[in-house]
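Encoded as structure tokens, the structure appears first; notes follow it.
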Amino acid sequence: MNAVANLIPARHKNVNRAEVCDQNFLEFVQGWSGPVSQAPLADAPVLTGSLCSVRDFVELFDSQLISRHLDLMARVLRVQNKVFYTIGSSGHEGNAMVARLTRYTDPAFLHYRSGAFMAERFRKLPGTDGKRLDPIMDSALSFAASKDDPASGGRHKVWGSKPLWVLPQTSTIASHLPKAFGTAVAIEQARRIGHKLLIPEDSIAICSFGDASSNHATAQTAFNAAGWTAYQKLPAPVLFVCEDNGIGISVKTPNDWVANNFRDRKDLDYFYADGLDLAAGYEGVARAIHHCRTTRRPTFLHLRTTRIMGHAGTDFEIEWRSVEELMAVEATDPLLRSAAIALLAGVYTKTQLLERYEAIRKKCFAAAQEADRRPKLTDLAEVMAPLAPYHPNQVALEARRADFADKRLAVFGSAEKLPERLPARHLAIQINQALHDLFCKYPEALLFGEDVAQKGGVYTVTKGLHKAFKGARVFNTLLDETIILGLAQGFANMGMLPLPEIQYLAYFHNACDQIRGEAASLQFFSNGQYRNPMVMRIASLGYQRGFGGHFHNDNSVTALRDIPGFVVGCPSRGDDAALMLRTLMALARVDGRVCAFLEPIALYMTKDLYAAGDGQWQFAYPPPDQAMTPGEERVYSPTAKDLVIFTFGNGVPMSLRAAREIEAKRGWKVRVVDLRWLQPLNEAAIARHAGECARILVVDEGRRSAGVGEGIITAVVEAGFGAKPLKRVVGADTYTPLAGAALLVLPGDADIVAAAGALA
């Protein structure tokens, strides 16, 4: 590379380093005076001793040139508002080797500097009608935010392709690593449960990221989980590709940090390859991929790269780096090394190489101009269409499908032991019975989390599932919510139906981005091409009589309601729980929806409503051919019109007790509406009940500043009923303390009665 550096003339302080890098390449080729060989045979090594053949090199170099000219095009057309994304791949073009040496059926979760990887992977699959897929046009459509973009439909610049198994994503820092690991585990899990994959059984999952990202907690949790899995000799064929360019935006990575941090980790097998040199680096990439595929072990490929032209088009490096430093980095441009190899080996003459360079430039600009003419997203409904698909008739049929009677008999033991023939039971038991039913119905269903298997969960809600359906379908994970949700996405990617359990709602917040930034966004950013259906179960909410404090009494539902496209259900009684679970699983299976099922801990074992021993909070189990329409509320005293109480979860039995007292004190007839579905709220139902009643009370066990009540009240006001007497009973803006102090924070029966009095 020193010889390359010497051929680059000093340049003035040009703020546009893209122009500098472009001119560097042209002048390097024009000034080449090194030895030139005769044109070699296609199958010969491109350089003596290289595993990379001439044929390999020619196509890899073409992919590098495509990636580079897409970057240059984006920088030029950005100022004309024809391109809306300028984080480029320049310096990372060596990742084309990873694409060449893997298969297009190996699921890939890519770093944003993956232009050359994509260009090379496009070679792997012929197009339809004899027309090959076009990486340049596809990329140009994405840069231009055209709705013809085959990856996201114009919603974002993402590297993605359905036929090429590149799952589109817009990950926050390193947040795609857990789901890549989860996908690798899922490839192996399919064999254990007899699930047929759409890809070969020896596929691997590919995940690329930068050296700076490797330090992120989300990345570290994926590396740890991969090692934890391999330590137990469980297969996890994930190829972690760390593209080490030595800098993260402006923060430099310490010299040799990546190698020292990962080289000697047990159960994460380390390989190094020079991504700046196709001839030298090819063998290292090939060895890493072969190792991952044949051993089925997590593999770490440390790929040397560089970063030229800055982090993005708005990053004017000349303002914070010296000219000398920039020139030194630009001298390591991998395209200069590839040009040197091409000329040295006789693959191209100088004239041929310059002609090829300019031909690809012309094609990229032509594609960009065409993409600019293509239609854009101009309608809100069109923008949102893939976010939250819902086919009500199909969901209803699926939720009520009950064609698994023989399996039920085998699991429950006999017709007399079927849950619908047993006495009325409480919430925890009926959730357990519903899960047994769902596992009979869906052979692709998996349940996993901390303590869910032999122990049956902290509250024994999953008791017996491990025994009935074995460890391949019901299993414990390591204590890491991020990985639990990463596994869920991986299983879903491979066509399974996961039910991850998060032990407490407070623990979900550790891993929220796996749902917000990854799972719930996939259909949106892939224009509905990819989906990761799941039903996440979470023990939730408060009222544990002072036990456990905040972390076992978390009432922060708002964090869930703020996630676009997410479905959140919360039952207050056992029969509703069974019906809702069937519907949530149908939503996941039919429409690929990402769902949360909040299970009120304090109601798990509750049997009584008004007085000890009355048994009025136990209900008959609904037969398996019954389900619930999403958004459907449960109404107590539907003809009452003096006061309506909107509530959910623990608020339901509290409101029913309060309603009895209010009726006794004031003679009012009180309607209690259990909303059951917290996201999206059934605004039409809220408006209807509000319109039919004289007074409105909202009972929300969330916090005053951030609960469910704001959404309820907004629905009331926007429906035109805001002038009616209206009050809210809500929790205080604080964490939940221990012991009796907890009941000072959370609303209670007396608070509801007092609020009704204020409405009088």
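The values are calculated or read from the model by the stated rules, or taken from the named source; none is laboratory data. Owing to the predicted nature of the structure, the values given are computational and were not obtained by experimental measurement. Because the Cβ atoms are built from the backbone with ideal geometry, glycine has one as well, and the counts that use them run over all protein chains shown.
Structure above, values below:
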| item | result |
| --- | --- |
| Filter pass, ARG297 being assigned by TED's automatic domain parsing to the domain that holds ALA222, in contact (Cβ under 8 Å) with a residue 40 or more places away in the chain and charged (D, E, K, R) | yes |
| The stretch 15-28: number of residues that are farther than 23 Å from ARG356 by Cα and either over 40 Å from the mean Cα position of the chain (by Cα) or modelled with pLDDT of 75 or more (or both) | 1 |
| Counted residues, the stretch 718-749 - those being part of a helix (DSSP H, G or I) and surrounded by fewer than 13 Cβ atoms within 10 Å (Cβ to Cβ) | 5 |
| Any hit, the stretch 328-347, residues being basic (Lys, Arg), in contact (Cβ under 8 Å) with a residue 60 or more places away in the chain and assigned by TED's automatic domain parsing to the domain that holds LEU47 | yes |
| In the stretch 388-424, the residues that are more than 30 Å from GLN489 (Cβ to Cβ) and buried (at least 19 other Cβ atoms within 10 Å of the Cβ) | PHE412, LEU418, PRO419 |
| Output for the stretch 694-706, where each listed residue is surrounded by fewer than 22 Cβ atoms within 10 Å (Cβ to Cβ) and not hydroxyl-bearing (Ser, Thr, Tyr) | ALA694, ARG695, ARG703, ARG704, ALA706 |
| Residue satisfying condition, being surrounded by fewer than 16 Cβ atoms within 10 Å (Cβ to Cβ) and in contact with a strand residue (DSSP E or B) (Cβ under 8 Å, 6 or more places away or on another chain), within set ARG263, ARG297, ARG304 | ARG263 |
| Which listed residue, of ARG103, ARG55, ARG121, is among the basic types (Lys, Arg), surrounded by fewer than 23 Cβ atoms within 10 Å (Cβ to Cβ) and assigned to a helix (DSSP H, G or I) | ARG55 |
| Residue match in the stretch 602-614 (condition: in a helix (DSSP H, G or I), closer than 29 Å to ALA402 by Cα and either of a type outside the set (Lys, Arg) or not assigned by TED's automatic domain parsing to the domain that holds GLY691 (or both)) | yes |
| Neighbours by Cβ (under 7 Å, 6+ apart or cross-chain): first from the stretch 705-730, in the same structural domain as ALA690 (by TED's automatic domain parsing) and more than 22 Å from ILE563 (Cα to Cα); second in a helix (DSSP H, G or I) and of a type in the set (Asp, Glu) | VAL729/ASP751 |
| Residue, nearest to ILE712 (Cα to Cα), within the stretch 519-538, restricted to residues that are in contact with a helix residue (DSSP H, G or I) (Cβ under 6 Å, 6 or more places away or on another chain) and surrounded by 24 or more Cβ atoms within 10 Å (Cβ to Cβ) | ILE538 |
| Check on ASP614, in contact with a His (Cβ under 7 Å, 6 or more places away or on another chain), farther than 24 Å from VAL458 by Cβ and of a type outside the set (Val, Ile, Thr) | no |
| Test: residue in the stretch 694-703 that is part of a strand (DSSP E or B), touching a Ser or Thr at 6+ places or on another chain (Cβ under 6 Å) and among the β-branched types (Val, Ile, Thr) | yes |
| Meets criteria (under 26 Å from the mean Cα position of the chain (by Cα), touching a residue at least 40 places away in the same chain (Cβ under 8 Å) and either over 28 Å from GLN544 (Cα atoms) or crowded, with 19+ Cβ neighbours inside 10 Å (or both)) for ASP642 | no |
| Yes/no for LEU584 being buried (at least 21 other Cβ atoms within 10 Å of the Cβ) and not assigned by TED's automatic domain parsing to the domain that holds PRO737 | yes |
| Subset of the stretch 621-636 [surrounded by fewer than 16 Cβ atoms within 10 Å (Cβ to Cβ), in contact with a Lys or Arg (Cβ under 9 Å, 6 or more places away or on another chain) and part of a loop (DSSP other than H, G, I, E, B)] | ASP625, GLN626 |
| The listed residue being within 28 Å of the chain's Cα centre (by Cα) and touching a residue at least 40 places away in the same chain (Cβ under 8 Å), out of PHE316, PHE240, PHE271 | PHE240 |
| Number of positions in the stretch 517-549 that are out of contact with any strand residue (DSSP E or B) (no Cβ under 9 Å at 6 or more places or on another chain) and either assigned to a helix (DSSP H, G or I) or among the aromatic types (Phe, Trp, Tyr) (or both) | 6 |
| Any hit, the stretch 606-618, residues being within 22 Å of the chain's Cα centre (by Cα) and buried (at least 20 other Cβ atoms within 10 Å of the Cβ) | no |
